[in-house]
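The structure under discussion appears below in the form of structure tokens.
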Amino acid sequence: MSSTRRAFLQRAGALALGASGIYDLADVIPANPAHASSTGRRAPPPEQHVLGEMRLVRDNGIDVVVPPLHHQVVTARLRIDPTRSSLRAAQAELEAALQQLEERYRPSPSGLAVVVAWGLSYFSTYVPMLADSTAFPLYLPVDKRASINTRSADGPVLALTDAIAFPSDPPDLVLEQNDVVFHFQSDHLEQVSAGAQEVIRRLDGMFELTSVRKGFVGGGFGGGASLPKRLATAAGVPGAASIPERAELFLGFTSTQHASLGSGRIVNFETIPGLTDQWPRGYFRHGTTMHLSHIFEDLERWYSRFDFSERVERMFRPGLAVKPGTLTVSEGPHDLESTSRLVRDGRTRLAVGHSASMQPANRVRRSFVDNYGVRVAKGAAILQRADFNTLDNPFFWTAQATQDRHHDTPAAGLHFIAFAPTSDTLTRVRLAMDGHYPDGTTLPTWWGGPHQAGEGFNAILTPTHRQNFLVPPRRHRSFPLAERV
Ligand code: HEM
């Protein structure tokens, strides 16, 4: 690509960070009431992925975590010389930019939370060898559980591995290779845009932007119409009229129940005993892995093909008696599905629920005490999901419009983000979503297989892009290991 064209594209990308297009309409929802304690200044947590002051509300008698309303994801490749001096200069510049943001905004919904994560390509290209002669990838966290299970000749399995295509993924899925990703989130749209512009502008020339992705979630817990309802209606996407008024997400059900989200430090590399090699003093402790994917959602099919109880069956599990119009359905430790019941449901009821399908892989099987001495009860969830709806098609802006099959017309979808202690943990849960379990159980393909013959939850989803990233602890978030090269 000519340098002029590249420069033109990068200028367009930088403009996209501030532009809001259809998302302008998102700024109508008053921000969630800031927490009283946001006046006091506390040191941010050592984890980037842990947000302070997350609100809990009760909906239908169930505790629900209220995620920030507005989100922006920026992916990029680096454009710096892979030398010690330029790497360290970039590290200092990025850290200064992030600290400046933190001085202005608390890492919480009422402020601005920023997560910076790095692809495998960053480590292989820019950190081929540390000064102590430790070569890539030997300085990266090891997944001890997966290493035992695979015993591969290529040595231990890393906690961060490249994303794979899953059984229900379409053949044209793009497995991305970005060096770095930023996730900005806040209840204030302007703070999301300002934060993104500031970081990217300050590091002008160091990053080659590859995509800008925008979205929203919730906004209806206070009683008014939610952002998904308002924006889908404003954009005129098919099926928008059927979205329940206060729904947290386009598909009508609350997906941030406290009980079904991993809590505290459970997704940190070092927390679960024996899972990785980062306890007690690993360089990446307080870090985690992040999965990023984009999924189109066929709202029209979801609301026209299935009535309310059929939607409950497919989102949760068959046989649940739920009052029509309910948004939040209980998913506590006593509401869990076992693999044997999934197989039976698959055979007799011809439907298996989305969250039920993943519970065997996403819930703790036996209580244990974690490395911090905290007791984790049987049935506790592991994955921390931070997904949000979007009208991007598939991205708000991309430097590769043809490869990303980009269109300006709004399309209903989800930017899926999940934190997991290892990429293998995420893979296990996502395979379970397609009916493949770690113990070798596989649900009959007509259920879990490609598109489920049009009968299940996966049938209305079309994933388009995927990548796994390493989320360093806050102290090493900027160009991790540059100080050791
Ligand atoms: C359009 C896409 C999706 C939507 C609308 C969606 C929505 C939901 C909803 C409503 C729940 C149940 C409520 C809850 O338990 O909080 C749920 C649970 C869950 N979802 Fe999704 N989801 C989507 C995609 C995914 C994907 C791609 C994954 C990948 C791993 C995933 C992982 C999970 C997990 C782990 C649970 C909790 C299961 C448990 O109870 O342990 N979801 N999702």
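Hey, got the dipole for segment 140-227? About the Cα centre, +1 on K and R Cβ, -1 on D and E Cβ, debye to the nearest 20?
It works out to roughly 300 debye.
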Next on the checklist: Considering only C-alpha atoms, what is the centroid distance from segment 179-213 to segment 105-133, in Å?
Outcome noted: 14 Å
Checklist outcome for this item: Only helices counted: for the chain, with every DSSP H run of 4 or more residues adding -39500 (n - 2.57) and the sum spread over all residues, [θ] at 222 nm is -7500 deg cm²/dmol
Checklist outcome for this item: In the chain, taking the dipole from +1 charges on Lys and Arg beta carbons and -1 charges on Asp and Glu beta carbons about the Cα centre, the listed residue (GLY274, HIS436, ALA240) farthest towards the positive end is GLY274
Checklist entry - Which value, in debye to the nearest 20, describes the size of the charge dipole of the chain about its Cα centre when Lys and Arg Cβ atoms bear +1, Asp and Glu Cβ atoms bear -1, and nothing else is charged? => result 860 debye
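Sort 228-235, 155-162, 412-419, 368-375 by the packing proxy (mean of other Cβ within 10 Å over each peptide's residues), most packed first. Present the calculation step by step, with values, prior to reporting the outcome.
Values: 228-235: 21.9, 155-162: 20.4, 412-419: 24.6, 368-375: 12.5.
Going by the mean number of other Cβ atoms within 10 Å, highest first, we get 412-419, 228-235, 155-162, 368-375.
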Next on the checklist: Explain nothing, just the number: relative contact order of the chain, from Cα pairs under 8 Å at least 6 residues apart, as a whole percent.
Outcome noted: 24 percent
Checklist entry - Under a point spin-label approximation (7 Å from Cα along Cα-to-Cβ), what is the THR125-PHE8 distance to one decimal in nm? => result 2.4 nm
Checklist entry - For segment 77-230, what class follows from the C-alpha gyration tensor (a ≥ b ≥ c being the square roots of its eigenvalues): rounded when a/c is under 1.5, otherwise prolate if a/b is larger than b/c, else oblate? => result oblate
Next on the checklist: Positive end of the dipole of the chain, charges at C-beta (+1 Lys, Arg; -1 Asp, Glu), about the Cα centre: which of LEU130, GLN400, PHE250 has its Cα farthest in that direction?
Outcome noted: LEU130
Item to check | Reachable lysines from LYS378, criterion Cα separation under 24 angstrom, eight or more residues apart if same chain | outcome: LYS144
Checklist outcome for this item: In the chain, taking the dipole from +1 charges on Lys and Arg beta carbons and -1 charges on Asp and Glu beta carbons about the Cα centre, the listed residue (PRO318, ALA165, GLY373) farthest towards the positive end is GLY373
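When DSSP beta bridges are limited to those with both residues in the chain, what percentage is antiparallel, rounded to the nearest 5?
Values: 62 of 64 bridges.
Bridges in the chain are about 95 percent antiparallel.
Taken together, the values in this text are just the output of simple stated rules run on the coordinates, not laboratory data. Here the structure is a predicted model, which is why all the values come from computation and not from measurement. Please note: Cβ atoms are built from the backbone with ideal geometry, for glycine as well, and neighbour counts cover all protein chains shown.
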